[in-house]
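Data block below; observations after.
Where a number appears in this text, it was derived from the coordinates with a stated rule and is not lab data. Note that this is a predicted model, so its numbers are computed, not measured. Neighbour counts run over all protein chains shown; Cβ positions are idealised from the backbone, glycine included.
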Amino acid sequence: MRARLEQARRRTGSERGAISLELIGFVTVLVVVAMLCIQGLYVAQVTSAAQQAARSGARAQALGLDVSNEVHRQLPGWARVDSISTSYPGDGVRVEVAVRVPIVLPGITSRSFSVTRDAVLPRG
């Protein structure tokens, strides 16, 4: 009887280490998946905000208002604008806005990871 109890204790002790390793692996995978989901949300939000900012900038340009002010007003506070450019195709105005996408955290960005959107409106 004692031999069986001792054998069961030895087995449980060795399995504890394996369970700890499995937990570390599972938590690591869970953190990576969560970071990818957060990154996807940032890309979607920056894309939508950049499109809205380009529309507002084109509207401001068509009305003779300050384009930069309107673009920055439409973007979230953590969004970093790479460039704002305006042009006049035909009888309209075109505003192009490039915004950096945060990498996992709002303060961390890269110049190579950005979203560019444009809008064209008639001069009014």
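Key figures for this structure:
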item	result
R0 of 35 Å, Cβ-Cβ distance Leu23-Thr116: FRET efficiency to nearest 0.05	0.25
Residue-span extension gain [Thr86 to Asp66] - 0.36 nm each, minus C-alpha spacing	6.0 nm
Under-5 Å amide H pairs with Thr109, H placed in peptide plane, nonlocal only	Ile103
